[in-house]
Structure formats: C-alpha cells, structure tokens
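Notes follow the structure.
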Amino acid sequence: MKGDVVLSPSGEEVVLVDVGQRVLHDDPVVRVWEVALEPGETHAWHLHHNPYVVLSVEGSEGRMDWLDGSEPRWISEHRGGHVYRPVSPVHRLTNIGTTSYRNRLVELKDLGENLPEPLDVRHDDVSVRTVVDRSPDLEGPHVLVALDAEDVRLHPGGPFRFDGEWFVVELAYLSR
C-alpha cells in the first residue's frame, strides 16, 4: 500500500506508491484505478495485494522491473487489450514507447484484501470482452468500463445498453 516501506535486495528502503494514480471507482467488490504514462515516464514501485485486470485504453511499449532484480517483463499493449494478473511482487512500470499509455486497472478485492489470504482464480473465472453500441443481457456480475470516458459500473446482471465502446469484465467466480 502507499507509504509502506520495503527493502530492496541491497538493503535500500523503498517507499511504495498506490497501484494506480487515481481511483475511478471503489466498492466492496472492486476498485478501479487509472494509470497514465507519457513516453519515458515511470509509475514508481508498488505492490498488488489483489489479483487484477489491466484494460488498455491507450497502448504503448513498456518495461516492468521487479524490485527483487528478476529479469524485466516487456509489454506491448494496444487499445482494447486486456490481461488478468495474480497478486504480484513489488515492481514499477516505465513507458518506453513513443505514444501515451493509459489503462484502467481493476482490482478484484473479493480475491485479495477481503480474504485472509489472496486467492488466485482460473483465467476463465475472470473474462474480458469489448462491446460497441449493443444491448446484451449480461448473466451474473460484471464490471463495465467505458473506453472513451471515466464511466465505471459494477453491474449485477441483466440487460444493459452500451452506447460507445466498453470493456465488459465478467466476474464468473461470484456466480459460483
């Protein structure tokens, strides 16, 4: 969590920042953050206590460095892309591309901070799709995140009218 102090392998004290830069939505089930980095900018050292889904609004090339000195992870994200991640060690993210990077990071609090120990779920228990200008009937709980606005909703299921382009994050594990 922001302000926590951890030690690097060399013994240096590192003060952690939040997993995102700005909270867009927070309820008992999920917390949704915005992360925005211009070329060359870094989101400083942070630690995820919850499994999470990264929803790419503006993609770029990136480098994820691990505080423990492990090999970096190279990422290449594109608009509309998404990835599910379990709880992860302390890391930082740098936009090494030539374009802006912006995402919505959906923390799954019911799988992390709301439990005594974080729980990892199967990839098919948390699925993501994009929907454009439709009215589907959603079965079970979903997180709805607009690509072109800051609109985020936890939807219990049933009909929903999508105007514009939306990420639809199905939380199938909540229906089991």
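The values are calculated or read from the model by the stated rules, or taken from the named source; none is laboratory data. Keep in mind it's a predicted model, so treat the numbers as computed, not measured. Using ideal geometry, Cβ is built from the backbone for each residue, glycine included, and neighbour counts are taken over all protein chains shown. Just the protein is used for accessible areas: all its heavy atoms, side chains included, with ligands, DNA and RNA removed. Shrake-Rupley method; radii C 1.70, N 1.55, O 1.52, S 1.80 Å.
Odds and ends about this structure:
- Around Val57: net Lys/Arg minus Asp/Glu count, Cβ-Cβ under 11 Å: -3
- Counted residue by residue at 0.36 nm each, then reduced by the alpha carbon distance between them, the extension gain from Val132 to Ala149 reaches 4.8 nm.
- These residues, Ile75, Ile96, go from largest to smallest accessible area, 1.4 Å probe, as Ile96, Ile75.
- Projected-area mean, the range 66-170, by convex hull of Cα positions, square nanometres: 8.2 nm²
- Shape analysis of the chain based on the Cα gyration tensor places the equivalent ellipsoid semi-axes at 28, 20, 13 Å, largest first.
- Within-9-Å neighbourhood charge of Leu16 [Cβ basis; K, R +1; D, E -1]: -1
- Heavy atoms of Met1: accessible area, 1.4 Å probe, square angstrom to 10: 100 Å²
- Accessible surface of the chain, 1.4 Å probe: 51 percent of it comes from carbon and sulfur atoms.
- Given a 1.4 Å probe and the protein chains as shown, Arg22 ends up with an accessible area of around 100 Å².
- Mean separation of Cα contacts under 8 Å (6+ apart) over length of the range 132-176, as relative contact order %: 48 percent
- Computed over the range 1-59: relative contact order in percent, which uses C-alpha pairs under 8 Å that are six or more apart: 29 percent
- List Thr98, Thr42, ordered by accessible area with a 1.4 Å probe, largest first: Thr98, Thr42
- Environment charge at Trp66 (Cβ cut-off 10 Å; Lys +1, Arg +1, Asp -1, Glu -1): -1
- Placing Thr130, Thr94 in order of accessible area, with the largest value first and a 1.4 Å probe, yields Thr130, Thr94.
- Among Asp163, Asp65, Asp125, residue whose mean-square fluctuation peaks in a GNM of the chain (springs only between Cα atoms under 10 Å): Asp163
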